[in-house]
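These notes concern the structure reproduced below.
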Amino acid sequence: MQPDTDLTNTNPHTEEEVFTFRKLAGIWVDNTLYAFRFWRLIILAGIIGASLGLAASWIPILLSPAHFCFHLYFSAYTARLTFVVEESKPGGGASMASALAGQFGFDLSSLSGTNGILAGDNVLELLKSHSLIKKTLLTAYKDSGSESLADVYAEKYKWKQKWAGDSKIGKQVNFPVDQKTFSRLEDSLLQVITTRIVEVELSIAKPDKKLGFFELQLTTRDERLSDLMCERLLKIATDFYVDTKTRRLSNNVARLQRRADSLGILLDKRTYSAAETNQLLLDANPAYSGPTVNAEISTRNKYIEGVVYSEIIKNLEASKTALVQETPTVQIVDYPELPLKENQLHWYFAALIGAITGIVLTTLFFASRRRK
């Protein structure tokens, strides 16, 4: 026979140990105290981290990883531009309702029907458009010469040397201003530059949600490059916005203008023709009705064309007024002022970050080993 088993060890209703934060904190304290047994290695890791931090602050080539992790730049310059967008005003009732709702903390601006590409928070995404940034990069760095902003950017970040030594590229890549089309390789490299600018170096913010002010900041390793890119990016985005918002009215004004010009020329010819017909009527034989009929038809056509011309001019002036009212205004409040703010990684700050990082990572490593 099998011996009887101990029922006290197989009780299915055994309660689990209660979890408390105090116990968890005690475990971490014990693990940390255990890790401090290796204090020599922890101090050594702090020294190594401080040395790497100093190297990152003194040697530009080591800044690439740190740049993506901590947004720390080696002699980087930040251009700051503040602007405001003035849209067409909504009706009085909508404006009054929006102002009244704003006193109670509600935002009814989206219901006023005046939202555009640069209205509200849409500007934050428009200025990050890859196509607009690409157009900005392909503008000239200097007034004379074919060197573009993309060429200067790639040169300042040592990318051209890297591309020339790469096994897949293996050549000097340039982005001249006067070039209209680019190869697949050049487009891909431009996309790399654009992605870096959008994700790391470009910042668009709205300091106050209740106001219409926007702040554009761009940081690169060249002072003039930061200044030019900041101003030209806003200029290209503004032109795109105004063209998109007023394209329909602009086309209508152009169509009416062409119509008015052609009718004006035709009316001038009709006026001379009517005057000649009336002159012939003075010398015509009263027995014949032909000259009288010709004079009457010429005068009637002149009157009809004059009425049509008058209506077209009215519509043209009304369309021009509507175009002026619908054209938004992007007013720059603060331009980037030279010299720009220079961002440098100070050696003591870099050493402190490296030392803290080395100590914390080493302590966590030994603490985690004890739990195993």
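The values are calculated or read from the model by the stated rules, or taken from the named source; none is laboratory data. Note that the coordinates shown come from a computational prediction; the quantities given were computed from them, not determined experimentally. Note: ideal-geometry Cβ built from the backbone for every residue, glycine included; neighbour counts use all protein chains shown.
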Q. Taking THR277 and the conditions (1) modelled with pLDDT under 85; (2) loosely packed, with under 15 Cβ neighbours inside 10 Å; (3) more than 30 Å from VAL84 (Cα to Cα); (4) of a type in the set (Ser, Thr, Tyr), which numbered condition does it fall short on, given that it satisfies the others?
A. (2)
Q.
The conditions are (1) buried (at least 18 other Cβ atoms within 10 Å of the Cβ); (2) touching a residue at least 40 places away in the same chain (Cβ under 8 Å); (3) in contact with a Leu (Cβ under 9 Å, 6 or more places away or on another chain); (4) not basic (Lys, Arg), and GLU201 fails exactly one of them. Which is it?
A. (2)
Q) Quick one: in segment 164-180, which of the residues that are β-branched (Val, Ile, Thr) and at pLDDT 85 or above is nearest to HIS130 (Cα to Cα)? A) VAL177
Q.
I'd like the full set of residues that are in a loop (DSSP other than H, G, I, E, B), free of Cβ contacts under 8 Å to residues at least 12 places away in the same chain and loosely packed, with under 12 Cβ neighbours inside 10 Å, limited to segment 167-196.
A. SER167, LYS168, GLY170, LYS171, LYS180, THR181, SER183
Q: State which residue is modelled with the lowest pLDDT when the search covers only segment 204-217 and only residues that are surrounded by 10 or more Cβ atoms within 10 Å (Cβ to Cβ) and of a type outside the set (Val, Ile, Thr).
A: GLY212
Q. On the given criteria, is LYS314 more than 30 Å from ARG196 (Cβ to Cβ) and modelled with pLDDT under 85?
A. no
Q: Report whether or not SER298 is outside any loop (DSSP other than H, G, I, E, B), buried (at least 17 other Cβ atoms within 10 Å of the Cβ), modelled with pLDDT under 80 and polar (S, T, N, Q).
A: yes
Q. Name the residues in segment 243-263 that are farther than 30 Å from PRO328 by Cβ and either surrounded by 14 or more Cβ atoms within 10 Å (Cβ to Cβ) or over 45 Å from the mean Cα position of the chain (by Cα) (or both), would you?
A. LEU263
